[in-house]
1. Hey, N38 hits all of (1) modelled with pLDDT of 90 or more; (2) touching a strand residue (DSSP E or B) at 6+ places or on another chain (Cβ under 6 Å) but one; which does it fall short on?
2. Are any residues in the range 1-47 surrounded by 11 or more Cβ atoms within 10 Å (Cβ to Cβ), without any contact (Cβ under 8 Å) to a residue 12 or more places away in the chain and among the aliphatic types (A, V, I, L, M), and if so, which ones?
3. Quick check on my filter: what residues within the range 1-16 are within 18 Å of V39 (Cα to Cα) and either of a type in the set (V, I, T) or in a loop (DSSP other than H, G, I, E, B) (or both)?
4. Here are the criteria: (1) in contact with a strand residue (DSSP E or B) (Cβ under 9 Å, 6 or more places away or on another chain); (2) at pLDDT 90 or above. Tell me which single one M1 does not satisfy.
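The values are calculated or read from the model by the stated rules, or taken from the named source; none is laboratory data. Being a predicted model, the structure only gives us computed values, none of them experimental. Cβ placement follows ideal geometry from the backbone for every residue including glycine, while neighbour counts extend to all protein chains displayed.
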Amino acid sequence: MSEGGDSGSPVFRDETGELVGLLFAGSANQTIFNKAANVEAALGVELLTAEASADAT
């Protein structure tokens, strides 16, 4: 699923396009990612969507 240099790339759910995490490590056989909610919590940030940005204006 992933190749060298892909670390840090966003991982999206195929069916919905929803962001589920950031790629951490992987190979042709398996890929490991950090869940988006865990990344947000660790960094003390909240990812904004287009809908959230529009609501703020």
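1. Only one criterion in (1) modelled with pLDDT of 90 or more; (2) touching a strand residue (DSSP E or B) at 6+ places or on another chain (Cβ under 6 Å) is unmet by N38, namely (2).
2. I32, A37, A41
3. D6, S7, G8, S9, V11, R13
4. Among (1) in contact with a strand residue (DSSP E or B) (Cβ under 9 Å, 6 or more places away or on another chain); (2) at pLDDT 90 or above, the lone unmet condition for M1 is (2).
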